[in-house]
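Visitor: This is the structure I want to talk about, given as structure tokens.
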Amino acid sequence: MLGILPTEVILAVLSFLPLRQLQRLQQLSKLWRNFINVNESEIHHAAARLHNFIKPNANLQGAQKSHVWLRHVRSWKDLCHSYSHLERRWEGYEQPNAAIFGASGKAVWRFKVDEEQSTVITTHFDGGLRVTAINGGVLWLLPHSELHPYAHCEYTDGYLVLTRRGQGVDVWRRQRDIRDIELPSTLQSDWRQQRARASALQSPVSAEQDNRGAFVPWTTIHPPRSIHALRAVDSTLLLASYDAQEAYLYDIPSGRHLQTIPFDKDPEAMPIDLSYVELGRRHIFVCGDRDVVVTPLDPSDAQTFLKFPSQIPGFDELYQQKAHRVLFDGDGPIYKPSTDPDGTLIECICEPESEDLTPLDPSGLRNFKAGAYHVLVPIRQLTPPI
């Protein structure tokens, strides 16, 4: 092959070889080793694209700035080696470098990393938000009075999404990205965001002169129902409501509503208790305590794509026994899903279903509400499966 085909053709063929095959090829002969060394930059650039280490049109300088741990690379070969070591560490073949990051303070609830600016964004158990430099030092913060405890945060492409009390989420944008650009007229941040920004400016810490770590209000998104989970991927925000059993998709830069998707397109499906949501290119993934539901984004698809039920034996049958008949139907029973603080599942019965049932002590009665009706119901404990 060498000495027969033109160099351009050989390089085109080698662009389809993964790094391990290139390493083996170098060991095949001195001729191959010399050829790869002479064309090192082009070969490893192609390998970086093949392994998706970089975006198709990225240059070396852009790749260096994309991650803090790539700042040291000086060539495409260095970049490929850095990613290879990272993969081996994830696979357990190499010992990772671990360090304790304490600059963000205690009681951290959620965190996101901005590798481009080398900052860590954290929300806290007792409220508030901090933006901290990875090498130490608080750059910017929202005080406890401006962000509620246990606030969820999402971060993507310079946009910071924060939950708020009530029905909505706030979108902030990295100040370095907009500088003196005026806020588009189609976007409106409300008085709460403006007050929070004023509090941030008056805080004892401030961002660096180049606005590293600082954010400015961008817009407020008001979904139709209360939000219990969210996820930001690229420029799309997924908001999920347990009450409505729906997901709402928004375009983050414009704040525009894109789509409403029911969790489960089966009208007879039982409600899903929200634990986590994820957004893919063609589906949303809703994780509950009983199963994971995969639903297509395409509105023309009338069926739920896939369900992964719980692997706990008997759990689904037990759940159906104790939950989800919440309508008052005359003399019939009222069921309301419930869980004791210790995790014990309970079944609520409006009236004895059999004469064999002995009356319960009044201490075993609890007050439940179903629609406009208030009833005292005896509680019968069910033992969860092990």
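Computed from the coordinates by the stated procedures, all read-outs in this text should not be read as laboratory data. Since we're looking at a predicted model, the values are computed, not measured. Heads up, the Cβs are rebuilt from the backbone with ideal geometry, glycines too, and the neighbour counts pull from every protein chain shown.
Visitor: Mind listing the phi-derived Karplus ³J(HN,Hα) values for the range 146-160, rounded to whole Hz, using 6.51, -1.76 and 1.60 with θ = phi - 60°, and x for any glycine or proline?
Guide: Computed from phi, the couplings for the range 146-160 are 9, 9, 5, x, 6, 6, 8, 10, 10, 9, 7, 6, x, 9, 10 Hz.
Visitor: Return the long-range amide H neighbours of A229 (sequence gap of 5 or more, or a different chain), with a cut-off of under 5 Å between placed amide H atoms.
Guide: Those qualifying (amide H under 5 Å, at least 5 residues apart or on another chain) are A240.
Visitor: Assuming 0.36 nm per residue, please report the length gained on full extension of the stretch H152 to Q23 beyond their Cα-Cα distance.
Guide: 42.0 nm
Visitor: In the range 106-143, which trypsin sites (Lys or Arg not before Pro) fall in coil by DSSP and have 11 or fewer other Cβ atoms within 10 Å?
Guide: For trypsin sites (Lys or Arg not before Pro) across the range 106-143 that sit outside H, G, I, E and B with at most 11 neighbouring Cβ atoms in 10 Å, the list reads K106.
Visitor: If I stretch the segment between S254 and Y93 completely, what's the gain in nm (0.36 nm per residue apart, minus their alpha carbon distance), one decimal? List each step's numbers first, then the result.
Guide: Details: separation 161, 0.36 × 161 = 57.96 nm, distance 4.41 nm.
This chain segment gains 53.6 nm when fully extended.
Visitor: Now a separate question. Once phi is turned into ³J(HN,Hα) by the Karplus curve 6.51 cos²θ - 1.76 cosθ + 1.60 with θ = phi - 60°, what whole-Hz value does each residue of the range 242-256 show in order, with x for glycine and proline?
Guide: Each residue's phi maps through the Karplus curve to give 5, 4, 8, 6, 9, 10, 10, 9, 10, 7, 5, x, 9, x, 7 Hz.
Visitor: Using a Förster distance of 30 angstrom, determine the FRET efficiency expected from the C-beta separation of V9 and L86, and round it to 0.05.
Guide: 0.40
Visitor: Then there is this: Provide the per-residue ³J(HN,Hα) series for the range 5-14, in order, calculated from phi with Karplus coefficients 6.51, -1.76, 1.60 and θ = phi - 60°, each as a whole number of Hz, with x at glycine and proline positions.
Guide: These are the phi-based 3J(HN,Hα) values: 8, x, 4, 4, 5, 5, 5, 5, 5, 5 Hz.
Visitor: Would you mind classifying the range 65-184 by shape? Square roots of the alpha carbon gyration tensor eigenvalues, ordered a ≥ b ≥ c; an a/c under 1.5 is rounded, otherwise it is prolate if a/b is larger than b/c and oblate if not.
Guide: prolate
Visitor: Next question. Take the alpha carbon gyration tensor of the range 208-251, find the square roots of its eigenvalues, order them as a ≥ b ≥ c, and report rounded if a/c is under 1.5; if not, report prolate when a/b exceeds b/c, else oblate.
Guide: Judged from the Cα gyration tensor, the range 208-251 comes out prolate (a/c at least 1.5, a/b above b/c).
Visitor: In nm, give the distance between the simple-model label positions of R33 and K65, each being 7 Å from the Cα along the Cα-to-Cβ direction.
Guide: My value for the distance between the label points is 3.9 nm.
Visitor: What nm value, rounded to one decimal, do you get for the distance between L201 and E116 when each label is placed 7 Å out toward the C-beta?
Guide: Placing both labels 7 Å along Cα→Cβ, they lie 2.4 nm apart.
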